[in-house]
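The values are calculated or read from the model by the stated rules, or taken from the named source; none is laboratory data. Worth saying up front: this structure is predicted, and the values here are computed from it rather than measured. Note that each Cβ is placed from the backbone with ideal geometry, even for glycine, and that neighbours are counted across all protein chains shown.
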Ligand SMILES: Nc1ncnc2c1ncn2[C@@H]1O[C@H](COP(=O)(O)OP(=O)(O)O)[C@@H](O)[C@H]1O
Ligand SMILES: [Mg+2]
């Protein structure tokens, strides 16, 4: 009996039944997909980092190194499990070609290394430790797709040739956000090629489980061990690994939240409309003595069945879609360890989604119970008042616009030139890096002099970075990497205060400010280097706090004359802009050619290329997610509007028929619907745009601050936000309206007269 | 006197079978016949609400059957008025808004004048006080008179009425029929389906329909109060003959 009733109900309300099922499936699918991707990403990263035995603490160092002192330090600490000093032979990108592709425009620090002995292994796709033979090179897997490489391709370093024997996964530097890339060669080749590059050291520590990495880092600094270079910790590596793909997953997660919201709303309105329609029948059932509980359970069992179908369909679809979306994850990080756990979580998540929907269904069905049989028979009561079905159209339009705009805005923000200023890089057209040379300061000054005389250059700023000791309020000493120069010319983004404008001012990166527990306005003591092991304290006022993810995120900025001293320059950067930005490409090429002949570690790059080089991966992923959210937003809006307008038209069929009898044409009636729909659609779009910019920015800010970009503001593309997004939504809405309004043509003038 | 309506060989499925009749300007005709004989269908097809299969309907000089849906709708709006047994109205509008609905639709600029006209019509039919009432707050007779007001808003040439008193009690029916007589006296033609021989007796002519064909016609002439008794008698005698 129950079965037959439900089946008949499905037949009678095909559109509503199918839509309900689609909503339930879509909600389950998107959440399932987020869980599946997120689970496999984090599990893949974990298993890669486990197999490769990623170091817990890593100090990069350029210059001389005293291995015995490091070993002594390490042996005397109870928290060190293992220590190793790994060599990295930095090569000139201009000297490199792989499979016929020059790496001259590559933004990474590319270099050679050999397989490590005790940990930090470079591994292949099957998690095996790679042992290259002489003449072979293993290439970072991220270059495989970027340059379309295959095994057997040739890698050329100057005139030397190596054969690409395979691809390696590097638990530390897999992400494009890590600025170095390691190529693995045989020990003999490393020694042979040694004169072609400049050597750096990675001083790596593996700590015992449960050790405090920060305490270790402080101890390392206090011990005055080699520290000419950034410090990197396990958690930073994990974060960089997770972020480039994690952003895409977060966008999908956001979409799934929006879809769940829309589903609940739509299903609720469908139920209310159906109750409105079934009013008489319900009254009848109550009048003949069927209990409210029974009637409710009759309706509820229908939705239970639908949600079971929807859940299964959604989970299956998620598993199918996860395949192509997860390709990159698998390629970069390998297979996830325990997929059955992830699948279990996914199913649990989908069950939770269906549970939430059913809860809302149950509560909505409760509306029916409040009415007595008599109330129902007389057509009074709460749900007798017709629900405004245009309201959900407006709300869902806003949600759809929001869903489209958030990933768009994130994407446009990350790809905008200004975005680098959130990362601690000055906004300029061109950036020149001078590193790993015998004397950075001399060659940087020489380059600066040359630029000074170049009349294509509009403005430039030279920055030298050196390492300084400082004392924290609690008396501990702390290492600061201070970038000295004129920071007013190409400023970075300051979350608080501003750049150091006066002598004796210093700006700190947010990570330093947090770690040192120092805020803008505070004063700190920094020791400048007078040479001959003499140091003099300089009292520095903190002028501002900025966000930075370069060089491990712990940096500081000051004017040259604040630290007019003998501290060695670790690296230099020149930011510059040209009079005519269109000449940037040729200018960069000319200077690249000029410096490629010298082995002086000078890298010339357009900031735009720097962005694509560093965030290209992330941007591409977000674009993928953005395309998905546009498609799903349009699809959802189309389905929802089709459904709701059909319900409206169905509900007002009698009135429309009467209007036709009185002389209204189909076009007149359609026009009225169109006007009313627009009345909700357009404000919906406006609300959606606002939400996509303001709360969307807050939301994205939370995500991006996890990336190190604090004080985040959307850099929106006004054409995309104010023209394309509304246009896309309007097209989807118009299509749905057009299809639904066809029904108006099938309403006849005499219908309302015949029916009685 | 010229013809306002001329119906020639109008057919619809097997419900209407080559029906032909004429109607003079200012005439008031009753259509009678048993239930299911096709009276309503005839009205829907003559007024262009339904698409006839064959034949022609001339409203003045305009042929209706061959017009498009939209042209027919426009013609209904401007030249015809309708009153139905079920008193179809929009439940979410009040009485006067229902009355002006088609007129305002046809003539958006003169909203104010139209509301004044609606109020005047309501006053004429003694429902002037009910303008702001909701439609479920008035009686059937009042609502039907409001429908008559609605049908008169555009000063139509002809009014089609389908059993306008069918759902009303005797007193209410009398009010309604008086309203029809009044608008007819003022020059509007009325074609009315009715089951009430008393009502039919007040019309100038009665057409009797059976199984989609006109089986007979009774000419009574213009109604006056004096010969009411006599007309009633003639009508029932004739209806008896027709097998009523
Ligand atoms: N919606 C409809 N579809 C098809 N046939 C109908 C419809 N409504 C009524 N009919 C049929 O058309 C015939 C005439 O109906 P109708 O014109 O309403 O008769 P009357 O108004 O004289 O009572 C009847 O036989 C009836 O069964
Ligand atoms: Mg009828």
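Below, the figures for the structure above:
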quantity: Single match in B:192, B:202 (criterion: within 16 Å of ligand 1 (Cβ to nearest atom), more than 14 Å from chain A (Cβ to nearest Cβ) and within 27 Å of residue B:79 (Cβ to Cβ)); calculated: B:192
quantity: Wholly within the stretch A:76-153, strands (runs of 3 or more DSSP E) carrying at least 3 residues that are within 19 Å of residue A:331 (Cα to Cα), touching a residue at least 24 places away in the same chain (Cβ under 8 Å) and under 32 Å from the mean Cα position of the chain (by Cα); calculated: A:136-140
quantity: Residue check for residue B:96: in a strand (DSSP E or B), at pLDDT 90 or above and crowded, with 17+ Cβ neighbours inside 10 Å; calculated: no
quantity: Strands (runs of 3 or more DSSP E) contained entirely in the stretch B:141-215, each with at least 1 residues that are within 16 Å of ligand 2 (Cβ to nearest atom) and surrounded by fewer than 21 Cβ atoms within 10 Å (Cβ to Cβ); calculated: B:205-210
quantity: Test: residue B:98 is within 24 Å of residue B:165 (Cβ to Cβ), within 16 Å of ligand 1 (Cβ to nearest atom) and without any contact (Cβ under 8 Å) to a residue 60 or more places away in the chain; calculated: no
quantity: Any hit, the stretch B:86-99, residues being more than 30 Å from residue A:388 (Cβ to Cβ) and away from ligand 2 (no atom under 16 Å from the Cβ); calculated: no
quantity: Qualifying residue in the stretch A:190-207 (condition: at pLDDT below 80, out of contact with any strand residue (DSSP E or B) (no Cβ under 6 Å at 6 or more places or on another chain) and outside any strand (DSSP E or B)); calculated: no
quantity: Single unsatisfied condition, residue A:587 versus (1) under 29 Å from the mean Cα position of the chain (by Cα); (2) touching a residue at least 40 places away in the same chain (Cβ under 8 Å); (3) farther than 30 Å from residue A:13 by Cβ; (4) part of a helix (DSSP H, G or I); calculated: (1)
quantity: Any hit, the stretch B:71-85, residues being surrounded by fewer than 22 Cβ atoms within 10 Å (Cβ to Cβ), within 16 Å of ligand 2 (Cβ to nearest atom) and under 30 Å from residue B:134 (Cα atoms); calculated: yes
quantity: So residue A:538, is it within 21 Å of residue A:218 (Cα to Cα) and in a strand (DSSP E or B); calculated: no
quantity: Within the stretch B:41-94, tally of residues that are within 16 Å of ligand 1 (Cβ to nearest atom) and under 30 Å from residue B:138 (Cα atoms); calculated: 11
quantity: Members of the stretch A:29-72 found to be outside any loop (DSSP other than H, G, I, E, B) and under 30 Å from residue A:465 (Cα atoms), listed by number; calculated: A:57, A:58, A:59, A:60, A:61, A:62, A:67, A:68, A:69, A:70, A:71, A:72
quantity: Complete set of residues in the stretch B:141-170 that are away from chain A (no Cβ under 14 Å) and away from ligand 1 (no atom under 16 Å from the Cβ); calculated: B:141, B:142, B:144, B:145, B:168, B:169, B:170
quantity: Residues of the stretch B:119-140 that turn out to be within 14 Å of chain A (Cβ to nearest Cβ) and crowded, with 18+ Cβ neighbours inside 10 Å, as a count; calculated: 1
quantity: Some residue of the stretch A:605-617 being outside any helix (DSSP H, G or I) and touching a residue at least 40 places away in the same chain (Cβ under 8 Å); calculated: yes
quantity: Residue A:748 vs. criteria outside any helix (DSSP H, G or I) and in contact (Cβ under 8 Å) with a residue 12 or more places away in the chain; calculated: yes
quantity: Qualifying residue in the stretch B:95-111 (condition: within 13 Å of residue B:146 (Cβ to Cβ) and more than 14 Å from chain A (Cβ to nearest Cβ)); calculated: yes
quantity: Test result for residue A:604, within 24 Å of residue A:416 (Cβ to Cβ) and in contact with a strand residue (DSSP E or B) (Cβ under 8 Å, 6 or more places away or on another chain); calculated: yes
quantity: Residues of the stretch B:17-49 satisfying the condition of being surrounded by 19 or more Cβ atoms within 10 Å (Cβ to Cβ), within 13 Å of ligand 2 (Cβ to nearest atom) and more than 28 Å from residue B:182 (Cα to Cα); calculated: B:37
quantity: Qualifying residue in the stretch B:28-40 (condition: within 14 Å of another protein chain (Cβ to nearest Cβ), outside any helix (DSSP H, G or I) and more than 16 Å from ligand 1 (Cβ to nearest atom)); calculated: no
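Each row is one residue, and each column tells you yes or no for (1) more than 23 Å from residue A:749 (Cβ to Cβ); (2) at pLDDT below 95; (3) within 14 Å of the chain's Cα centre (by Cα).
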site	(1), (2), (3)
B:3	yes, yes, no
B:6	no, no, no
B:14	no, yes, no
B:26	yes, yes, yes
B:31	no, no, yes
B:35	no, yes, no
